[in-house]
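Input: a single structure, listed below in structure tokens.
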Amino acid sequence: MAETIEFYTTDIRNRLGENSGLNATIKFDFKGDGFIHVDGKSTPNEVSNEDKPADCTLVMKFSDFQKLSDGKLNAGKALLFGKIKVKGNMLIARKLAPIMGESVD
């Protein structure tokens, strides 16, 4: 897993496209190792590495984010075992699951 935060920023930007329908802002906070901020309210959607306010913030280690993105970590189990902390509206986090390649079932 040699991918960088910038790699995943670009990947999420490509998955979102111009208008993801999220209609929300989401921030991934990697506990001092950086951020990915998704602005799904703007058109075109914006994805950056800025530490901006968000409707929902997901706090996790970058290594866990990599596993989640690569399908090696289930988001539900990661939440259950405290690998992911959600601040703000958890329903918004569920909207991100298909973009991350996970089913919401």
- Task: Out of all DSSP beta bridges with both ends in the range 1-62, state the antiparallel percent to the nearest 5.
- Result: 65 percent
- Virtual paramagnetic centre 7 Å along Cα→Cβ of D33, amide N under 19 Å, in the range 77-96: 77-87
- Item | Cut-off of 10 Å, at most 14 other beta carbons, DSSP loop: longest stretch of the chain lacking such GluC sites (Glu not before Pro) | 51-105
- Task: Describe numerically, in nm with one decimal, the distance between label points set 7 Å from Cα along Cα→Cβ at K85 and at K61.
- Result: 1.5 nm
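How large a share of the accessible area of the chain, in percent, is made up of carbon and sulfur atoms when the probe is 1.4 Å and the other protein chains stay in place?
On the way: 3030 of 5910 Å².
Carbon and sulfur together cover 51 percent of it.
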- If you rank T10, T43 by how much accessible surface each has, with a 1.4 Å probe, what is the order from largest down? T43, T10
- Task: Can you list which of the trypsin sites (Lys or Arg not before Pro) found in the range 1-101 are DSSP loop residues with at most 10 other C-beta atoms within 10 Å?
- Result: K72
- Have a look at the chain and give its Rg and Dmax from the Cα atoms, expressed in angstrom. 12.4, 35
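The values are calculated or read from the model by the stated rules, or taken from the named source; none is laboratory data. These numbers were taken from a predicted model, which means no experiment stands behind them. Please note: Cβ atoms are built from the backbone with ideal geometry, for glycine as well, and neighbour counts cover all protein chains shown. Heads up: the accessible areas ignore ligands, DNA and RNA and are worked out on the full protein's heavy atoms, side chains in. Shrake-Rupley method; radii C 1.70, N 1.55, O 1.52, S 1.80 Å.
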